[in-house]
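Participant: Below: one structure in structure tokens.
Taken together, the values in this text are just the output of simple stated rules run on the coordinates, not laboratory data. Please read these numbers as outputs of a predicted model, since none were measured by experiment. Cβ atoms come from the backbone with ideal geometry, glycine included; neighbour counts cover every protein chain shown.
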There are 2 protein chains.
Amino acid sequence: MTIHEKWMNRALILAEKGRGYTSPNPVVGAVLIKNDTVISEGCHKKFGAPHAELNAIGKAGNNAKGATLYVNLEPCCFHGKTPPCVDAIIRSGIKDVIIGIIDPNPQVNGNGIKILKDAGIVVKVGILEKEAKTINRGFFKYIKKNRPWITLKLAVTADGFIADVTGKSKWITSEPARQFVKRQRSLHDAIMVGMGTVFKDNPSLLPESTNGFIPYRIILDEVLNIPYRFKLVSDDFKKRTVILTSQKSKKEKVKQFKSTGINVLNVASDDFGWIKLPDSFRSLAEFGITSVYCEGGGQVAGSLITQKVVDELQLFVSPKILGEGISSFGGFMRSLDEAINLNWGEPIKLGQDIFLKGTIV
Amino acid sequence: MTIHEKWMNRALILAEKGRGYTSPNPVVGAVLIKNDTVISEGCHKKFGAPHAELNAIGKAGNNAKGATLYVNLEPCCFHGKTPPCVDAIIRSGIKDVIIGIIDPNPQVNGNGIKILKDAGIVVKVGILEKEAKTINRGFFKYIKKNRPWITLKLAVTADGFIADVTGKSKWITSEPARQFVKRQRSLHDAIMVGMGTVFKDNPSLLPESTNGFIPYRIILDEVLNIPYRFKLVSDDFKKRTVILTSQKSKKEKVKQFKSTGINVLNVASDDFGWIKLPDSFRSLAEFGITSVYCEGGGQVAGSLITQKVVDELQLFVSPKILGEGISSFGGFMRSLDEAINLNWGEPIKLGQDIFLKGTIV
């Protein structure tokens, strides 16, 4: 690890402090360094609050003069909720700015760098670029495609079933894999399930700890079937529930849910009664959600995968064999020549299970 | 790696030279060392030929006096096809004997070590013991359970199918995985398939190279259905074909096959027309086969796994999704509570595929 990477890594760690609170803005961390020593640090704490660079510069005061700024994303150069960061950087007397990755937002997209350079600041871009992109993959997807980053999670047996023939799926995977999933929840703006999963498990879809950030809990519910008593619409976190439903749902129930703080978004559905996913994702982006962790079931998985809207597949393969059961991806059938193709990442053993990561080709 | 491990590792490498030719005997390598320098080396080249220790001692002559012998398996102490190795070791003046693992053969099983110690030789056992056991896992299974070591190989899609709904399975996995399988073939005494696979693929089941050892090719064929023109009963290697068949097969066809050098073994079958596997494995052990690489199809996999006769499951998971297809383990159905349980080993990425290794709990 070079010196640049060392301090960029620190900026990335600081950025994570804003996880969940900054959307649809990116998470950003900033470190001011002189003589390989930290002068000050900052992060973007939540949407609308000062940016990471401003926080670091503010803390450093006059000491910022001559320092090097490390920031994982290109500093902004436009008036949004806060004034442009580049102005503050130039005013502070910072000598060097080291950037992880260019901000894809058309209002920035290299202009921030240009302004800094024009002001005589030495700028270096691309330090831990891959990590800087990964940490804000939701933001990148949101800016470039106007939809959230979609992670699809499935827990399957060694022979590929998400449940036995009776529909039982508790517990296919073991505790370490389930803990891992709970941590993944808090890395996404929202968690999504279909009504099959809601009726089967009555889940609360909460992350490992409910002290901090609670991601939105999205339900695909075409006709607003969910009973009032179910956890997702009755627990203490119901303001963090988003129901995607069609015009067919009863107006009275929509009104009732909305009155308790539940978010109900109207989206299109198809002739088979399935919520149209690409439409839904645009609605979710407008709602400010930049990343969604989809936890099934098989019908949702099948829809997501055939519509090629999965950015990352997380497959937890348990050491169990059933012979027969419920297929992991429902509602379609392909020949080998027309199979949906993935790229596997490096596999990991996670407790008793295997964790496979894939991206759609 | 200690000095002992260094030379034991060399013995293990030498042992591999006999792979395929020594069964039902183990593979054994021996190294004679003085002052951390090799005096001579030997291996057990084939069944009935001199043992590794004798080869090394013979080459060393008088120089063996005072040397240290490294051998992966306890030297024998009985008159078989060759005289006892312990006698030759004692006569040679060897001072130390370093052994990988005790020979489980009841005729040896620690007696070889006792005789050496009684003769004043310093004996050390258990260097690279795990590796020494793995290299002869077929021999260990054969001696202890009177059946071969069974490896079950399956190539599946990400959703657990061994073929699409039309039955097509070429090619689920990519070239590196297929090459890996061909190398695995030459590490086993025999390869086994069911008639489903024979009819579908007309395979030749040959290893990567046909210059060296050709493993036996076993077909489970209850009524001797295989057509005369099929590769396994008509190619140049037909003497390396073993057909497991029941009493129901036509005597004329048995005779015809035997006359061309094909091995036909009579085994029991059940009411559903399936060859009884535990019986078959005893027959194969009597035939001198200590390890079998089972390459499917789904019915064979299902039988093997439910009868719990799989010692190692090799699962190649391709980056393809079909939605529906042919299940990897046919002919049974379990609830999640009664699932067959495995232990996963460390997963590996192999070309575009994932290689998972499991043992039955």
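Participant: Projecting each Cα onto the charge dipole of the protein assembly as shown (Lys/Arg +1, Asp/Glu -1 at the beta carbon, about the Cα centre), which of B:Ile57, A:Val264, B:Asn72 comes out farthest on the positive side?
Facilitator: B:Ile57
Participant: With a 10 Å cut-off between alpha carbons and a GNM built on chain A, which of A:Glu338, A:Glu286, A:Glu208 moves the most?
Facilitator: A:Glu338
Participant: Mind checking which of B:Lys133, B:Lys153, B:Lys170 has the largest fluctuation in a GNM of chain B, springs on alpha carbons under 10 Å?
Facilitator: Sorting by GNM fluctuation, first place goes to B:Lys170.
Participant: For B:Val254, what charge total do you get from the other residues with a beta carbon under 12 Å from its beta carbon, if Lys and Arg give +1 and Asp and Glu give -1?
Facilitator: Working: positive: B:Lys248, B:Lys250, B:Lys251, B:Lys253, B:Lys255, B:Lys258; negative: B:Asp221, B:Glu252.
Here the count lands on +4.
Participant: What Rg and what Dmax come out for the protein assembly as shown when only alpha-carbon atoms are used, in angstroms?
Facilitator: 32.7, 101
Participant: Let me ask something else about it. List, largest first, the extents of the alpha carbons of the stretch A:72-120 along their principal axes, each in whole Å.
Facilitator: Computed over the stretch A:72-120, the largest-to-smallest principal extents equal 26, 22, 18 Å.
Participant: Rounded to the nearest 20 Debye, what is the dipole magnitude of the stretch B:278-346 about its Cα centre when Lys and Arg each give +1 and Asp and Glu each give -1 at the C-beta? Could the numbers behind the result be given before it?
Facilitator: Numbers: 4 positive and 9 negative charges, 24 e Å.
For this selection, approximately 120 debye.
Participant: Right, next: Within 10 Å of each Cβ in B:306-313, how many Cβ atoms from other chains are there, averaged over the peptide?
Facilitator: Numbers: counts 2, 0, 0, 0, 1, 0, 0, 3.
If you average over the peptide's residues, the count of other-chain Cβ atoms is 1.
Participant: Step through the residues of the stretch A:344-351 one at a time and calculate ³J(HN,Hα) from phi using the Karplus curve (6.51 cos²θ - 1.76 cosθ + 1.60, θ = phi - 60°), rounding each to whole Hz and writing x for Gly and Pro.
Facilitator: 7, x, 6, x, 9, 8, 10, x
Participant: What residue in chain A has the Cβ closest to the axis turning A into B, and how close is it in whole Å?
Facilitator: Output: A:Gly160, 1.
Participant: Let me ask something else about it. Could you check what % of the DSSP bridge pairs in chain B are antiparallel, to the nearest 5? Kindly include the intermediate steps, with their values, before the conclusion.
Facilitator: Numbers: 24 of 59 bridges.
In chain B, DSSP labels about 40 percent of beta bridges as antiparallel.
Participant: Please give the charge dipole size of the stretch A:20-100, origin at the Cα centre, charges +1 on K and R Cβ atoms and -1 on D and E Cβ atoms. Round to the nearest 20 debye. Intermediate values should be presented prior to the final figure.
Facilitator: Values: 8 positive and 6 negative charges, 48 e Å.
Dipole magnitude for the stretch A:20-100 comes out near 220 debye.
Participant: While we're looking at this one, here's another question. What are the label-to-label distances in nm, one decimal and shortest first, from B:Glu129 to the same spot in the other copies, with labels 7 Å along Cα to Cβ?
Facilitator: With the label placed 7 Å along Cα→Cβ, B:Glu129 yields 5.3 nm.
Participant: What does the charge count near A:Ile39 come to, summing +1 for each Lys or Arg and -1 for each Asp or Glu among other residues with Cβ under 14 Å from its Cβ?
Facilitator: Details: positive: A:Arg10, A:Lys34, A:Lys59, A:Lys65, A:Lys95; negative: A:Asp36, A:Glu41, A:Glu53, A:Asp96.
After counting each charged neighbour, the total is +1.
Participant: While we're looking at this one, here's another question. Excluding B:Ala158 itself, what net charge comes from residues whose Cβ is under 11 Å from its Cβ, given Lys and Arg +1 and Asp and Glu -1?
Facilitator: Values: positive: B:Lys320; negative: B:Asp159, B:Asp353.
Combined, the nearby Lys, Arg, Asp and Glu give -1.
Participant: Would you kindly work out, in nm and rounded to one decimal, the distances from the label point of B:Ala268 to those of the same position in each other copy, ordered shortest first, with label points 7 Å along Cα-to-Cβ?
Facilitator: Inter-copy label distances (nm, one decimal, shortest first): 6.5.
Participant: GNM on chain B, C-alpha springs below 10 Å: top fluctuator among B:Phe213, B:Phe199, B:Phe272?
Facilitator: Its mean-square fluctuation being the largest, the pick is B:Phe272.
Participant: Take every Cα-Cα pair in the stretch A:40-111 and report what % of them are more than 13 Å apart. Please report the intermediate quantities before stating the final value.
Facilitator: On the way: 1637 of 2556 pairs.
Percent of Cα pairs beyond 13 Å in the stretch A:40-111: 64.
Participant: Once both axes come from the Cα atoms, what is the angle between helix A:175-185 and the longest principal axis of chain A, in degrees from 0 to 90, rounded to 10?
Facilitator: The helix A:175-185 is inclined about 60 degrees to chain A.
Participant: Something else: What does the helix-only formula give at 222 nm for chain A: each DSSP H stretch with n ≥ 4 adding -39500 (n - 2.57), the total divided by the residues, and the result rounded to the nearest 500 deg cm²/dmol?
Facilitator: Working: 12 runs with 104 residues, N = 361.
Estimated from H runs of four or more residues: -8000 deg cm²/dmol.
Participant: Compare the Cα positions of B:Gly212, B:Thr306, B:Gly273 along the charge dipole of the stretch B:209-361 (+1 at Cβ of Lys, Arg; -1 at Cβ of Asp, Glu; about the Cα centre) and return the one farthest towards the positive end.
Facilitator: The residue sitting farthest along the positive end of the dipole is B:Gly212.
Participant: List, in order, the whole-Hz ³J(HN,Hα) value for each residue of the stretch A:108-115 obtained from phi through the Karplus relation with A = 6.51, B = -1.76, C = 1.60 and θ = phi - 60°; use x for Gly and Pro.
Facilitator: Whole-Hz 3J(HN,Hα) from phi for the stretch A:108-115: 10, 6, x, 5, x, 4, 4, 4.
Participant: What residues have an amide H closer than 5 Å to that of A:Ile101, excluding those fewer than 5 places away on the same chain, when H is modeled at 1.01 Å from N in the peptide plane?
Facilitator: A:Leu73, A:Glu74, A:Gly126
Participant: What is the P(r) of chain B, as percent of Cα-Cα pairs per 10 Å bin from 0?
Facilitator: Spelled out per bin, shortest first, that is 5, 23, 28, 22, 15, 6, 1.
Participant: Next up: Which pairs, out of B:Lys231/B:Lys308; A:Lys153/A:Lys200; A:Lys95/A:Lys117; A:Lys170/A:Lys200, put more than 21 Å between their alpha-carbon atoms?
Facilitator: Working: B:Lys231/B:Lys308 30 Å; A:Lys153/A:Lys200 17 Å; A:Lys95/A:Lys117 10 Å; A:Lys170/A:Lys200 10 Å.
Checking Cα-Cα distances, B:Lys231/B:Lys308 exceed 21 Å.
Participant: Another one. Considering every residue in B:151-164, what mean count of other chain Cβ atoms within 10 Å of its Cβ is obtained?
Facilitator: Values: counts 0, 0, 0, 2, 0, 3, 8, 16, 16, 13, 5, 1, 1, 7.
So the per-residue partner count for this stretch is 5.
Participant: Kindly provide the trypsin sites (Lys or Arg not before Pro) of the stretch B:283-361 that DSSP labels as loop, not H, G, I, E or B, and whose Cβ sees at most 12 other Cβ atoms within 10 Å. Don't skip to the end; give the middle numbers.
Facilitator: On the way: sites: B:Lys308, B:Lys320, B:Arg334, B:Lys349, B:Lys357; in loops: B:Lys308, B:Arg334.
Those that pass, being in a loop and sparsely packed, are B:Lys308.
Participant: Counting only residues 5 or more places away or on other chains, whose amide H sits under 5 Å from the amide H of A:Ser328 once H atoms are built in the peptide plane?
Facilitator: A:Ile162
Participant: Take every DSSP beta bridge whose two residues both sit in the stretch A:1-124, then give the antiparallel share in percent to the nearest 5.
Facilitator: Working: 10 of 18 bridges.
The answer is about 55 percent antiparallel.
Participant: Considering the stretch A:148-265, what Rg and Dmax in Å follow from its alpha-carbon atoms?
Facilitator: 15.0, 45
Participant: Give the percent of DSSP beta bridges with both residues in the protein assembly as shown that are antiparallel, rounded to the nearest 5.
Facilitator: Once the DSSP bridges in the protein assembly as shown are tallied, antiparallel ones form about 45 percent.
Participant: Considering only the label points, 7 Å along Cα→Cβ from Cα, what distances in nm to one decimal separate B:Gly66 from the same position in each other copy, shortest first?
Facilitator: With the label placed 7 Å along Cα→Cβ, B:Gly66 yields 7.3 nm.
Participant: Right, next: Taking θ as phi - 60°, what are the ³J(HN,Hα) couplings along the stretch B:14-31 by the Karplus curve (6.51, -1.76, 1.60), each to the nearest whole Hz, with x for Gly and Pro?
Facilitator: 4, 4, 4, 4, x, 3, x, 9, 8, 4, x, 6, x, 8, 9, x, 9, 10
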